[in-house]
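Below: one structure, written as structure tokens.
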Amino acid sequence: MKKTVLAMGALALTLSFGGAQAQISDGVVKVGILTDMSGPYSAMGGRGSVVASQMAVEDCLKAECKGMKIEIISADHLNKADIAASKAREWIDRDKVDAIADLTNSSVALSVQKLMKEKGGIAMFSGPATTRLTNEDCSPNGFHWMFDTYSQAAGTAAALTKLGQKSWYFVTVDYAFGHSLEKDASEVVKRNGGTVLGAVRHPLNASDFSSFLVQAQGSKAQVIGLANGGADVVSAIKQAREFRIGSGKDQRLAALLVFLSDVHALGLETAQGLVYADGFYWDADDRSRAFAKRFEALNKGAKPTMVQAGVYSSVYHYLKSVAAAKSDDSKIVAQKMRELPIKDAVMNNASIRPDGRVIHDMYLVQVKTPAESKGAWDYLKVLSTIPADQAFKPMDAAACNLVKK
């Protein structure tokens, strides 16, 4: 476990905010970054998520959080739900951690969501994709920040189906994230007049996708939808290109969850032409470019993914809410997080719904050809903006008990 301490000014157990007395439980606000440091999702989260959280602390200490003492700690959950739950419990019980962020991997996120319901504390999910976090497993102190399986399906599957790519077959990673991504994409395809011919499941962090891809190719579907992410989607795309699967006029490859780090790993020669939905792109505007310039200087020259950008936004908003609430009590802070507007360098038109879903504008992007790219990390062109109220699944009162029926 690694720890970073960022503080300004002396601190006692009782802090003074503008003359009012406020209780911080142990004199310090602690945020844990629980992420994949060494596995298939480490490039999109991992060390970069820790860097993003540190940037959030630095920015808040210069403004709303002046005088606060804040600690960032981090750990690798190894993509195992039991390890994640054990570490989260240890952080809360022994280390007095107030909030946990990132939580890349849907199974990990669901286990921590359940624990945080029981133990208290704030959970902020920018890495996992399952929509269960704001539906049947929603929590008053859990916030799903950047993207989910519906936002990815609404962007990619809807766009391709409307273009006439009506029949689909899915290659799906066999756990909660993949199942949710396939389900949401299937519903979008059908709602737009398409059909789903079938699906094949593969294990997480698979090395050989040939049999799965050949089975998908044999379905004769117009679209082979990759319902996976991280190293899995990179390997699947590389092997599909190698075997010329999904590259012809009659059948195309669609990746439902792609990150900038994946495009970097693939290279433009292999990734060119891929269309997908993204919650953040570093070259979208002046704010995102300035944020990315700071980030890459701290992260070995790599631009931020939407997961890492989401960690920055969620941690910053949490810290601002603690400062505004003059307390680190999770119930009080959760209410304040819903009240305060989300304003930062990475989110556009963002707000928090009663179910904990953070809605915001998404981008439909396409990977550039090598000839179109002007330099390092110039990988994407924005085709359109998906408005916040259209990018995410409408609240379901039947699924989330926080929504008034």
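The values are calculated or read from the model by the stated rules, or taken from the named source; none is laboratory data. Note that the structure is predicted; figures quoted are calculated from it, not measured. Please note: Cβ atoms are built from the backbone with ideal geometry, for glycine as well, and neighbour counts cover all protein chains shown. Only protein heavy atoms, including side chains, enter the accessible area calculation; ligands, DNA and RNA are left aside. Shrake-Rupley method; radii C 1.70, N 1.55, O 1.52, S 1.80 Å.
Helical content of the chain, expressed as a calculated mean residue ellipticity at 222 nm, amounts to -11500 deg cm²/dmol (DSSP H runs of 4 or more residues, -39,500 (n - 2.57) each, divided by residue number, nearest 500). Helix 149-162 versus the longest principal axis of the chain: what angle, 0 to 90°, nearest 10, using Cα atoms? For 149-162 against the chain, the angle is about 30 degrees. Cβ under 12 Å from residue 391's Cβ, residue 391 left aside: what net charge do those residues give with Lys, Arg +1 and Asp, Glu -1? That sum, taken over residues with Cβ under 12 Å, equals -2. Would you please classify the overall shape of the range 263-315 from the alpha carbon gyration tensor, given that a ≥ b ≥ c denote the square roots of the eigenvalues, rounded means a/c under 1.5, and beyond that prolate means a/b larger than b/c while oblate covers the rest? The shape class here is prolate. Extension gain, residue 335-residue 371: 0.36 nm per intervening residue step, less the Cα-Cα distance, totals 8.0 nm.
The length gained by stretching the chain between residue 214 and residue 384 to full extension, at 0.36 nm per residue less their Cα-Cα distance, is 57.9 nm. Summarise the accessible area of the range 150-278 (1.4 Å probe, protein heavy atoms) by the percent that is carbon and sulfur. Using a 1.4 Å probe with all protein chains present, the range 150-278 comes out at 48 percent carbon and sulfur. A viscosity of 1.306 mPa s and a temperature of 10 °C, combined with the Kirkwood radius over Cα pairs in Stokes-Einstein, give a translational diffusion coefficient for the range 150-278 of 113 µm²/s.
Split the accessible area of the range 325-405 by element, probe 1.4 Å, and carbon with sulfur accounts for 52%. Over all directions, the projected convex hull of the C-alpha atoms in the range 215-279 averages 4.2 nm² in area.
Once the mean of 1/r is taken over each pair of separate Cα atoms and inverted, the range 255-361 shows a Kirkwood hydrodynamic radius of 15.4 Å.
Our summary of shape: the Cα atoms of the chain have principal axis extents of 68, 48, 35 Å, ordered from largest down, in whole angstrom.
So what is the diffusion coefficient of the range 101-174 in µm² per second by Stokes-Einstein at 20 °C and 1.002 mPa s, using a Kirkwood Rh over Cα pairs? It comes out at roughly 158 µm²/s. Hydrodynamic radius of the range 32-77 by the Kirkwood approach over all distinct alpha-carbon pairs: 11.3 Å. Rounded to whole numbers, the Karplus 3J(HN,Hα) couplings from phi for the range 318-331 are 4, 5, 4, 5, 4, 4, 5, 7, 6, 6, 10, 5, 4, 5 Hz, using 6.51 cos²θ - 1.76 cosθ + 1.60 with θ = phi - 60°, and x at Gly and Pro. Averaging Cα coordinates gives a centre for the range 343-358 and one for the range 97-170; these two points are 14 Å apart. Its residues counted as N, the range 318-405 yields a C-alpha radius of gyration over 2.2 N^0.38 Å of 1.48. Probing with 1.4 Å while keeping every protein chain in the model, the per residue accessible area of the chain equals 38 Å². Mind scanning 69/326; 119/343; 30/119; 238/374; 166/190 and naming the pairs with a C-alpha gap bigger than 18 Å? Checking Cα-Cα distances, 119/343; 238/374 exceed 18 Å. Close amide H contacts of residue 33 (hydrogens built in the peptide plane, cut-off under 5 Å, sequence separation of 5 or more or a different chain): 73, 74, 75, 101.
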